[in-house]
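Everything on this sheet refers to the single structure shown next.
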Amino acid sequence: MSNQSGIQVSEELSRVFTEAIHSGQQRIIQVSIENESLEAVNTVPVSGSFEEDYSQVVPLLSDRIPSFILYRLDTQSEGGNYEWLYLSYIPSEAKVRDKMVYASTSHTLTNQLGAGHFVDSIFGTEKEDLSFDAYRKHREHLTAPAPLTRKEEELAEVKAAESGSINIASRRTHVSGVNFPISEAAIGELSNLKAGSTNFVQLYVNTASEIIDLASSEQISSEALASSIPTDQPRFTFFLYQHDYQGQEASPILFVYSCPSGSNIRERMLYSSCRGSLLSAAQTEAGLEIAKKFEVDDPAELTIQSIYEELHPEPVSVVQPQAFRRPAAPGRAPPSRARRAPRAQ
């Protein structure tokens, strides 16, 4: 995914993380953006078990300043290196610019350090979103068995519908009709998309904190749209498609609901049930006017040509029927259209 901010991993952070992978001595590496680069601002050595050391995560977080936490697991890859948990913390009370910069830099951090080292990730807007209890619920959700039959799925949907809305903090905007609210950070970035200050906003369902939250907000090219959507998890994507049509600039807003076929049933049910109310909130809270909605299993289906054709279908040409001509009688030549000249007397 492209990086709108242009911020890169520093050489020092790269060195610290590489040593931590091989030695296994560091439990936590806290990363912040300083002097226009991603820097390691805190490291915490391994002192106990995974659960015991996890208690040191939340105290590192600030109420208003975003940061990333790289947390070493106790499991190792086949190559013998320790595996890592990636925690992205962008507090709802942070400055709008900080939210945008950190959100647009999140993928750069994991990609440049090596995405293969991170086997799990959690995104949070409140400190409790990254607590051990939130992590435990996150893991329970991922490992929970899927319903065995369609009837069980339908019963779960009915139960969710009957349970009504949950209590949420007053600073969050509620998505009516479903159990999950949409965060202020997400609404803010959707408003920025409408204003044109960004053209790509992606949301995800944070099951740990039970909100629809911001995954990323970036400025990308139209050609990068498909590759900017995950192929292993469902997502809600809003894209401002700026292009030329019949000599004029056009900027319709597209909505993409992507749900890979490999997603578990619980995820598919959850995202599907949230979609309608999310669109309603995007229209009423952020003032978006959705020009076209797409639903895909594979993001590769979103080619520029297919999007353009959906927005501007070719007009169907109408073939005019020909006038009926009566066939000539047998043995008689058809009458000539040319008028004969009169014979000379």
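Things to note:
- Of the residues making up region 223-269, those that are assigned to a helix (DSSP H, G or I) and buried (at least 17 other Cβ atoms within 10 Å of the Cβ) number 5.
- Qualifying residue in region 191-213 (condition: in contact with a Cys (Cβ under 9 Å, 6 or more places away or on another chain), within 24 Å of A94 (Cβ to Cβ) and modelled with pLDDT under 70): no
- Residue ID - modelled with the highest pLDDT, chosen from residues in region 16-34 that are among the small types (G, A, S) and either buried (at least 18 other Cβ atoms within 10 Å of the Cβ) or over 31 Å from the mean Cα position of the chain (by Cα) (or both): A20
- For region 191-218, a residue qualifies if it is of a type outside the set (A, V, I, L, M, F, W, C), part of a loop (DSSP other than H, G, I, E, B), touching a helix residue (DSSP H, G or I) at 6+ places or on another chain (Cβ under 8 Å) and more than 21 Å from E295 (Cα to Cα), and the qualifying residues are T198, T207, S209.
The values are calculated or read from the model by the stated rules, or taken from the named source; none is laboratory data. From a predicted model like this one, the values you see are computed outputs, not experimental measurements. Neighbour counts are summed over all protein chains in view; Cβ atoms, including those assigned to glycine, are modelled from backbone coordinates with ideal geometry.
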